[in-house]
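Comments concern the structure below.
We did not get these values from a lab; they are worked out from the coordinates using the rules stated. Just so it is clear, the model here is predicted, and its values are computed rather than measured. Neighbour counts are summed over all protein chains in view; Cβ atoms, including those assigned to glycine, are modelled from backbone coordinates with ideal geometry.
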C-alpha cells in the first residue's frame with residue numbers, strides 16, 4: 001500500500017509528521033522516495049507527450065501560415081491575369097488557412113499552459129524528493145553513528161574487562177611472589193638459626209672438654 005494516492009498528497013505531505021507516526025521510519029522514507037520517483041517518471045512521460053503534441057501543432061501552424069502567404073500570392077496573380085474567379089477561390093482558401101491558424105494558435109496557447117503546469121508539478125515533486133533524500137541521508141548517518149558508538153562502547157567494555165582481569169592476574173602473581181619470598185626467607189632464617197645453634201653447641205662441648213683436661217692435669 002502506498003503512502004500517497006495522488007500528486008497533491010506528495011506536495012502537501014508533512015514528511016516529519018509521517019515519519020514520526022511510522023513504526024519503521026527508514027522503511028517509510030524509502031517507500032516515499034520510491035513513490036516520488038515513480039510519480040516523476042509518470043509526470044515526465046506525460047509532459048514529454050504534451051511537448052511532442054505541441055511541436056506537431058506548431059508545425060501545423062507554420063504550414064497554415066505558409067498556406068496563407070501562398071493563397072495570397074495566388075489571389076494577386078489571378079487578379080493580375082484578370083481571373084477574378086480564381087482570385088476569389090484563392091481568397092477563400094486563404095481565409096480557411098487563417099481560421100485554421102487561429103485555432104492552432106489557441107491550441108498552442110493551451111498546450112503551453114498545460115506544459116507549464118506539468119513542469120511546475122515535476123519541479124515540486126523533485127524539490128520534495130530532494131528534501132526526503134536529505135532526511136534519509138541524515139537518518140542513515142545517525143544510524144551509522146549509533147552503530148559506531150555502540151561498537152566503541154562494546155570495545156571499551158571489553159577493554160575494561162580485560163584490564164580488570166589483567167590487574168587481578170597481576171595482583172595474584174604479585175601475591176604469589178610475596179608468598180614465595182616469605183617462604184624462602186623463612187627457610188633461610190631457619191637454616192641460619194640452625195647453623196648458629198650448631199656453633200653454640202660446639203662451643204659448649206669444647207668448654208667441657210677443656211674443663212675435663214684441666215681436671216685431669218693434661
Under a plain spin-label model, where a point goes 7 Å from the Cα along Cα-to-Cβ, how far apart in nm are residue 69 and residue 85?
-> 3.1 nm
Given region 7-158, what whole percent of its Cα pairs are spread farther than 25 Å?
-> 60 percent
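Over region 7-158, what is the relative contact order in percent, taking alpha-carbon pairs closer than 8 angstrom and at least six residues apart?
Details: 90 pairs, mean separation 51.3, N = 152.
Averaging sequence separation for qualifying contacts and normalising by length gives 34 percent for region 7-158.
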